[in-house]
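To start, the structure itself, in structure tokens.
All of the numbers you see were taken from the coordinates with simple rules; none came from a lab. The structure displayed is predicted, hence computed values, not measured ones. So basically every Cβ, Gly included, is an ideal-geometry build from the backbone, and we count neighbours across all protein chains shown.
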Amino acid sequence: MEAVLGEGIPPLSSARYTAKWTEERLAAWRQRGDPLADACVARLHEVGRLTSIRDLLGAVEAEAESASPDAAAPFRAFLAEAAKTPAWVDDDLVQEGHRCLGTTMTAMQVSLMAGSLVGGAMFTSAAMVTAMTGNLSDGTSRRVTETGLMVGQLSVEGSLRPGGPARRTFARVRLLHAGLRHHLPASGIYTRTDEVAVNQHDLAITLALFGYVNVRSLGMMGVRLTDREVRGYLHMWNLCGFLLGIEDALLPADLADQRDFFMASCVREAHPELVPPEAKALLTAVARDVNRDTWGLVSVGAVETFLCQAVRFLAGNEYSVGLRIPDLGRDHWSVRAVRGVGWVVDVLAHRVPFGAWFLRRVHGANLARLVREHERKTGALLGTGVSVQPDVAARLGAIAAMQPAVCPVVAQRARL
């Protein structure tokens, strides 16, 4: 683990396919969706119940109870899978992952938003689908808020056990993905024929952004996780991956394996020079929220500078060139502040008696209130927020159509 984290951000020129993560295997995963969830959505469409994709879990549960045994079969199969805990799951490690997340959540709010969510926009095929759903460019911080709250649920020990709140949220998200795979092509917004929307490869890339990339970002911020914390955190996310319908072959064996997968995926899918400018709008929206929540005491410009430089620092200049963010250097106050957040969290978590307990209590005290407040304001449960935006898709359509052959940088990487 130390060798992986010690290397920092690997240069993009070092991205390679491996014997395990070959170009052919990754290409095949891009043509696969989630048969179990997709069968539910197809059946809901047949019976006229696919009137909204905002809470498909409720529709699936209703059909599983009311339909005839044959008609209910796909719904019952999905619900049985959603309630299942695979034999490979070590519950003690999963609970360690919950505790790790709860302890470091203050630092993760920066590392996940800057290094993973915005930094991950370089995977432009996936970013295109995100834009189509209105989650990238609706001018609000909704996507950041919903993602943060969903991740926050994972800080509660036992939340991934059968019946736990996080498990239900991931079931909703899994069905939402299936709904998008059905709706986007049917509506004419998504026109690609060489791969499916929200495919297995894109889902596994997202898992790596929340796993390897986030752990790497925390290390760069000065949060020194123990080996057991890293193992527990990745194991917890592997269970999340299973609950999201990611096939076992794409779940990483360890941090090094996920690093190799991520870098191989960069060869095939990363277009940092083509990151849509809408990705930066998330940072502006968050900056406005902070300004509002601090009664104007913290300026929008200061927060935006902090977040933009956090993206540069944690995602890497090579991986975020399309955002056109000026690099103010590692000694700029904003980068020092990013590292300062990590240092404070690390000291409390690993050096102060009862510090980790204190951090978890502070975070946990706010989580339930924030979830209730968010669901009251939006009128939607976590994992259901989506608003398809065809105008955004039209503006960004060239990205989805662009192939590596027309981009010399990507073409050169693909030949390596």
Quiz item: Roughly what would the spin-label model give for D289 and R161, points 7 Å off Cα along C-beta, in nm?
Solution: 3.1 nm
Quiz prompt | Sorted by Cβ neighbour density within 10 Å, fewest at the top, the residues W343, W21 | solution = W343, W21
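Counting only other residues whose beta carbon sits under 13 Å from that of A62, what net charge do I get with K and R as +1, D and E as -1? Could the numbers behind the result be given before it?
On the way: positive: R43, R49, R76; negative: D55, E61, E63, E65.
Local charge sum for A62: -1.
Can you bin the stretch 236-276 into rounded, prolate or oblate? Criterion: square roots of the alpha carbon gyration tensor eigenvalues sorted a ≥ b ≥ c, rounded for a/c under 1.5, prolate for a/b above b/c, oblate for the rest. Intermediate results must be reported in sequence, preceding the final value.
On the way: a/c = 2.73, a/b = 1.75, b/c = 1.57.
The shape class here is prolate.
Sorted by packing (mean other beta-carbon atoms within 10 Å per residue), highest first, where do 112-120, 153-161, 221-229 land? Could the numbers behind the result be given before it?
Values: 112-120: 25.4, 153-161: 20.7, 221-229: 18.6.
Averaged packing, sorted descending, gives the order 112-120, 153-161, 221-229.
Between N366 and V321, what's the calculated FRET efficiency when r is the beta-carbon distance and R0 is 56 Å? Round to 0.05. Walk me through the intermediate numbers first.
On the way: r = 36 Å, r/R0 = 0.64.
Taking R0 as 56 Å, the efficiency between N366 and V321 is 0.95.
What does the C-alpha gyration tensor say about the overall shape of the stretch 36-135? Classify as rounded when a/c is under 1.5, otherwise prolate if a/b is larger than b/c, or oblate. Intermediate results must be reported in sequence, preceding the final value.
Details: a/c = 2.96, a/b = 1.46, b/c = 2.04.
In terms of gyration-tensor shape, oblate.
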Exercise. Could you check the simple spin-label distance between V347 and D227, using points 7 Å along Cα→Cβ, in nm with one decimal?
Key: 2.8 nm
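What does the net charge come to around P86 if you take all other residues with beta carbon closer than 14 Å to its beta carbon, with K and R at +1 and D and E at -1? Intermediate values should be presented prior to the final figure.
On the way: positive: K84, R161, R167; negative: E81, D90, D91, E247, D248.
With Lys, Arg at +1 and Asp, Glu at -1, the net is -2.
Could you give me D for the stretch 144-260, from Stokes-Einstein at 10 °C and 1.306 mPa s, where the hydrodynamic radius is the Kirkwood radius over C-alpha pairs? Units µm² s⁻¹, please. Write down the numbers at each step before the final one.
On the way: Rh = 15.5 Å.
Result for D is 102 µm²/s.
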Self-check item: Volume of the Cα convex hull of the stretch 196-274, divided per residue and given in Å³
Solution: 98 Å³
Quiz prompt | Rounded if a/c under 1.5, otherwise prolate or oblate - the stretch 241-381, Cα gyration tensor axes | solution = rounded
Quiz item: Using the eigenvalues of the Cα gyration tensor, what equivalent ellipsoid semi-axes result for the stretch 305-377 when each is taken as the square root of five times the eigenvalue, whole Å, largest first?
Solution: 30, 21, 9
Practice problem: Work out how much length F358 to W333 would gain on full extension: take 0.36 nm times their residue separation and subtract the Cα-Cα distance, in nm to one decimal. | Solution: 6.2 nm
Exercise. Sort all Cα-Cα distances of the stretch 1-86 into consecutive 10 angstrom bins from zero, then give the percent of pairs in each bin up to the one containing the longest distance.
Key: 14, 30, 19, 18, 15, 4
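Using the number of other C-beta atoms within 10 angstrom as an exposure proxy, rank D91, D34, D248, D289 with the fewest first.
Details: D91 13, D34 24, D248 10, D289 16.
The order, fewest Cβ neighbours first, is D248, D91, D289, D34.
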Quiz item: So for the stretch 230-308, Kirkwood radius off the Cα pairs, Stokes-Einstein at 10 °C and 1.306 mPa s: how many µm² s⁻¹?
Solution: 101 µm²/s
